[in-house]
Amino acid sequence: MAISLLIVNFIEVNPTQAASEETNYNVSTSLVNDTIKPVKMRAKLIKDRQKAAIAELTKNAKAEQAKMDAQAKAEAEAKAQEEQKQAQQAVTQAPTTTSATTQTANQNVSGVNKGTFKLSFYDPAALGSNMGYDGVAANLSVFPKGTKLKITLSDGTVWYRVVNDTGGFAAANPNQLDVAMPNSQVPAAGILYATVEVIG
């Protein structure tokens, strides 16, 4: 009889304990979920912000790249236009440049050593001329009038003269200069040789 009562009591008490344990499990699960939920929400918020920041950086990088590409294209076009302009100017000025080169060659380039020349002398005053003594007579196809010369003698003496005359000898003797000088100063040899340089 006592054993039967114990069995009945066990059967009646056990469902209550089972229900209590299930309730405790549900409460614990809910508590865990409520505790984790803010953490998950924060993690999601951070992730969303990171995505937005990356998207903004990507957008800005693309905009900057497009700006740089446009600038590079504009500079390339400007350079091409400038080169084309210079090429056209070169074509237009080509005849002028050739003419200027020819003229310079004819007038002799400053600082060019023209080699050794034979020197003779004459006194303009004795011939009734008032041209003075700072000039020389020359073949004008070699030294046009107005050409400034530096004449260096073999002993190192230097004379500076300007071509201002020509003479009958010039056509036949293009490598000869007739130097204006008073008769009293003409070298005893009468004829000298010197290195002649164009200086202007």
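A cut-off under 13 angstrom between Cβ atoms defines the neighbours of MET68, and their net charge, with Lys, Arg +1 and Asp, Glu -1, is 0. Cross-linked pairs LYS114/LYS150; LYS47/LYS67; LYS114/LYS148: Cα-Cα separations exceed 21 Å for LYS47/LYS67. Taking a straight line from the alpha carbon of LYS40, these lysines sit under 28 Å away, with near neighbours fewer than eight places off in the same chain left out: LYS51.
Quick note: the coordinates plus some simple rules give every number you see, no bench work behind them. These numbers were taken from a predicted model, which means no experiment stands behind them. Glycine gets a Cβ as well: all are built from the backbone with ideal geometry, and neighbour counts include every protein chain shown.
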